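Below is one structure; the comments refer to it alone.
The values are calculated or read from the model by the stated rules, or taken from the named source; none is laboratory data. Note that the structure is predicted; figures quoted are calculated from it, not measured. Here the Cβ positions follow ideal geometry from the backbone for every residue, glycine too, while neighbour counts run over all protein chains shown.
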Amino acid sequence: MNRLLLKWNVGLLALPLLLWIVLLIILPLSDLFISSFQEKVGVGVFEWGLGNYQAFLQEPFYWQTFIRTVLFSIIATMATLGVAFPVAYYIAKVARGRVKSMLFVLCLLPFWVSELVRNYGWMIILRESGLLNHFLMKLNLITQPIEFLYRDATVMMGLIYTSLLFMVVPLVVVLENLDESLLEASDDLGGGRLISLRRIIIPHAMPGIVSGCIMVFMLTLGNYLTATLLGGKESLWFTEHIYNQFMTRWNWELGSAMGFLLLVVSSALVWLGLRMTGQKLNKVMT
Amino acid sequence: MTFALECRSLSKRFGSFSAVSDVSFTISEGSFFSILGPSGCGKTTLLRMISGFCEPDKGDIVIHSRSMRGILPNARPVNMVFQQLALFPMMTVFENIAYGLRCRKVSKKKISFHVEEVLNRVGLAQSGSKKIDQLSGGQKQRVAIARCLVLEPKILLLDEPLGALDLKLREHMKIELKKLQTQLGTTFLYITHDQSEALVMSSHIAVMKEGRIEQIGTPQALYQSPKSSFVAQFVGDNNHWRGKIVQFCEPYVEVQTEEGWKLKALYSSSFQVGDRVDIFVRPEAMLVKSGEKKPNGWVNCFEGLVSSVVFNGGTRDLWVNVRGGNGSSFSKELKVTLPAQKGDGEACLPSGRAVEVGWDALSSHVLKVGVK
Amino acid sequence: MSQRSVKVLAGIHKLYIVFFFAYLAIPLILVALFAFNDAPYPALPWRGFTLEWFLGNKGVFQDERLMDGLKVSFSVASMVTFLCLLIGTLNAFLFERRSFPGKGILYFLMLAPLVVPGVILGVSILIFSHTLTNGIEGFLGIETEILRPGLLLVTLGQFAFITTVTTLVISARLRKFDRMQEEAAFDLGASHLHVLTTLTLPYLKPALISSGIVAFLMSFENFNTTFMLVGSDAPLTITLFDSLRQGATPVLNAVSVLLILASGVLVAISLFVQKVDYILDEHSK
């Protein structure tokens, strides 16, 4: 009797979770997968096949953007790590007391503001009639305004900006736990700064580095706003192709194939990242 | 006669592990009953069955003639003081104590009357509006007890509530608890692994081992005539030998220990030559002598060296190293407790001094091995 | 390493931190600044201070599209927050308090939405809702408008990944709760419901408030998933995006200022709650 009640209890408690996961995650993603293998042969008539994937491979515009997006995401992730690490180290190990918590909060604040607003800020600065050009002209460094938007470097800068939070926070958390006496011991044993960094700090920070990189990579790969607003047509992102297939070309099947490819690459790299560093997803996320 | 609590052959298994097996005992009303045992002996499981947090596999719990089978913890006439106290940190002292009454939907007026009264009883009259984290360890203890007492339970269960306190406060609270219980007259069921707590406070003690009760009795009975080797070793300090009865020599029996000593103990009709026995001697029953003159009249007597002396204020413990009989290479440390009086020559034995130690056969306690 | 080079290194590090925070702050400061410039374009030169873009005839509060977007965003975010907190709390109790076969797999699946890019989540829900609508029409002959792109789908799409966040935050708090307190209350005669409302939920309150704020902000600012599922009623981010593509105006800066202020206030509340809670926790140890 009691045991039966308990089973009911668990079942009832798990019901919303199951509904959520099945109806909003598993079934939609399965539908995406199925739809990617359907080819339109007439109005409302479909056939099974690999046509959508063939179409993707035969159009260099698509697969080149795809490869570019993946490569750019990897570069952006590494760059974000490089930019964020000294900051996280400063907050966790150099700053003290009030300054420390203030810096940490200051670091978080911009990311609570919509990504749209942040990118709008960059647009005001970087466009042809923007502030940067205004100042460069005033200083007589240039005579003609330069369009800083719609360049790869700009997109990269914007992506790093957008991703910083997701790198800084996990890094600060792991570095906080680094026992200072380890660094002192390393100093004491004659290890230089670089040796401490390589032998002690980085191995200790590895869980934070991995979780930061995974989050940043995923968010960058799936980014739409920053890439569209700062990159435009000159620096296309793969998500824009997906959007176009769904919303303007009305070719959902090809869009599904592209979406599925993006999902596969994203999941595979997350898995690879975890595998290479021997960590578990649930540990990285929490 | 009705008892406050009767446990009738209680058993509880967790998988293949038998936590409590066939435990029966009764507690009469108004007594301070302790369950004493090492960690993992099943005492906490027993308490959780009585409080209703876990159901026994077999047996029954009867409180004031009412079976508790199928009755949930929130409907049982018992309340528990938890090991970590489990006071509600977000509430004041008053709210903590009023919690149970509010659950019973008692009127506001009555609640404040009862809470004030119980606060008075535990000596915290002015502390009702304090937050829990403003209290000292001993005060928290009293709030936890008051929180239960206000519900007027038939039995108050206490799960090692002194464990979290520091040594000095613990000594103080032992006496406080005992006084409180005498004054209230509520039946206390106290769980502990600390034999000194149990000896000081209880009117009766049940000693548990591996899910079974070894012995139930008054503290004096347990200390003076333990019924098993386990009880003899667990309750109070003891010097211990194990050996075989080799011959009778009225009024004694002679025991040959594993280390080669020959000891004399009082004869009992249940003994037979060849029986394996444990011999226990309390440290305060040990005799000690130094100097030229050999002590006479000591039935058991050994030569040894004082290896260390521990001064305890009122008493002094000597650790005496004695060598095995017949030139064997064994040696054994014996504990001797002496009253530490001024000018008492024997009490001033320094370490390194050669001494004679012994005891009278009357003051040793002999138990047959493997027999209950 | 010499004393001198250590100092130089520390100096460089400090300078880097200054540059870093400048990099973080400059875009936001400039957006805010140009909301007060008395010029029709958010660009230099500075033409004097004005509140025209907030209060004037062409200001934010007169712009019907933006105000409608704000209302839509607000109602969607409220709904999403409510659902995410409700389901997140249930999930926390399921994962922290129950053991059952397949728990590990279920936990993994619960985390999965965080690993699915927002755009993909959006399009997959779009496809599935389309399949469902067609299926219902095919079998029952009923046309169901409700599963067409629109606010319901936007709400569900956001709910689908924000719930993971609330579940994680609430679970972490629940894990720290001393269960002995619940037993004590139960022992004092409380019913399960009473224990929940007087002890467990009050204990979870800080986590509920801060994860609620996070959920609200995530919903309010979400673009990727929303963009794929939006119908005729557009939330504010979508409206802003459309306006931005048509050209920047100081009204957009004014909206941005309001958004910055609102998020600032919400974050402050969340930090305050967490801090008070942290102090209390430390105190009771």
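Things to note:
- Test: C:Ala25 is out of contact with any Asp or Glu (no Cβ under 8 Å at 6 or more places or on another chain), farther than 30 Å from C:Thr163 by Cβ and in contact (Cβ under 8 Å) with a residue 60 or more places away in the chain: no
This table checks each residue for (1) modelled with pLDDT under 85; (2) part of a loop (DSSP other than H, G, I, E, B).
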residue: B:Trp319; (1), (2): no, no
residue: B:Ser328; (1), (2): yes, yes
residue: B:Gly343; (1), (2): yes, yes
residue: B:Gly358; (1), (2): no, no
residue: B:Leu362; (1), (2): yes, no
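- When we screen C:Leu244, C:Leu168 for residues that are more than 26 Å from C:Ile87 (Cβ to Cβ), out of contact with any Lys or Arg (no Cβ under 8 Å at 6 or more places or on another chain) and within 8 Å of another protein chain (Cβ to nearest Cβ), the only hit is C:Leu244.
- Listed by position, the helices (runs of 4 or more DSSP H) enclosed by the stretch C:99-213 that each have at least 1 residues that are in contact with a Pro (Cβ under 7 Å, 6 or more places away or on another chain) and either modelled with pLDDT under 90 or acidic (Asp, Glu) (or both) are C:179-187.
Residue-wise test of (1) crowded, with 23+ Cβ neighbours inside 10 Å; (2) among the small types (Gly, Ala, Ser); (3) in contact with a Phe, Trp or Tyr (Cβ under 7 Å, 6 or more places away or on another chain); (4) touching a residue at least 24 places away in the same chain (Cβ under 8 Å).
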{"position": "C:Leu90", "(1), (2), (3), (4)": "no, no, no, no"}
{"position": "C:Arg97", "(1), (2), (3), (4)": "no, no, no, yes"}
{"position": "C:Pro101", "(1), (2), (3), (4)": "no, no, no, no"}
{"position": "C:Gly104", "(1), (2), (3), (4)": "no, yes, no, no"}
{"position": "C:Phe108", "(1), (2), (3), (4)": "no, no, no, no"}
{"position": "C:Leu111", "(1), (2), (3), (4)": "no, no, no, yes"}
{"position": "C:Pro117", "(1), (2), (3), (4)": "yes, no, no, yes"}
{"position": "C:Ile120", "(1), (2), (3), (4)": "yes, no, no, no"}
{"position": "C:Ile125", "(1), (2), (3), (4)": "yes, no, no, yes"}
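- Qualifying residues in the stretch B:1-60 (those that are hydroxyl-bearing (Ser, Thr, Tyr) and touching a helix residue (DSSP H, G or I) at 6+ places or on another chain (Cβ under 8 Å)) - the one farthest from B:Asp194 (Cα to Cα): B:Ser51
- For the stretch C:28-55, a residue qualifies if it is assigned to a helix (DSSP H, G or I), at the interface with chain A (Cβ under 7 Å from one of its Cβ atoms) and in contact (Cβ under 8 Å) with a residue 24 or more places away in the chain, and the qualifying residues are C:Leu28, C:Val31, C:Phe34.
- Counting only residues that are surrounded by fewer than 18 Cβ atoms within 10 Å (Cβ to Cβ), in contact (Cβ under 8 Å) with a residue 60 or more places away in the chain and either in a helix (DSSP H, G or I) or in contact with a Lys or Arg (Cβ under 9 Å, 6 or more places away or on another chain) (or both), the stretch C:56-73 holds 2 of them.
- Every residue from the stretch A:104-157 that is surrounded by fewer than 21 Cβ atoms within 10 Å (Cβ to Cβ) and among the β-branched types (Val, Ile, Thr): A:Val105, A:Ile125, A:Ile142, A:Thr143, A:Ile146
- Residue in the stretch C:5-17 that is more than 19 Å from C:Leu258 (Cα to Cα) and of a type in the set (S, T, N, Q) present: yes
- Residue check for C:Ala234: more than 7 Å from every other protein chain (Cβ to nearest Cβ), of a type outside the set (Asp, Glu), surrounded by 21 or more Cβ atoms within 10 Å (Cβ to Cβ) and not in a helix (DSSP H, G or I): yes
- Lone unmet requirement of (1) within 10 Å of another protein chain (Cβ to nearest Cβ); (2) of a type outside the set (Asp, Glu); (3) in a loop (DSSP other than H, G, I, E, B) for B:Cys54: (1)
- Highlighted here are the helices (runs of 4 or more DSSP H) found entirely within the stretch A:10-111 that include at least 2 residues which are within 8 Å of chain C (Cβ to nearest Cβ): A:27-35, A:60-89, A:97-108.
- Screening A:Pro145, A:Pro170 for residues that are in contact with a Ser or Thr (Cβ under 8 Å, 6 or more places away or on another chain) and either within 9 Å of chain C (Cβ to nearest Cβ) or free of Cβ contacts under 8 Å to residues at least 40 places away in the same chain (or both) leaves exactly one candidate, A:Pro145.
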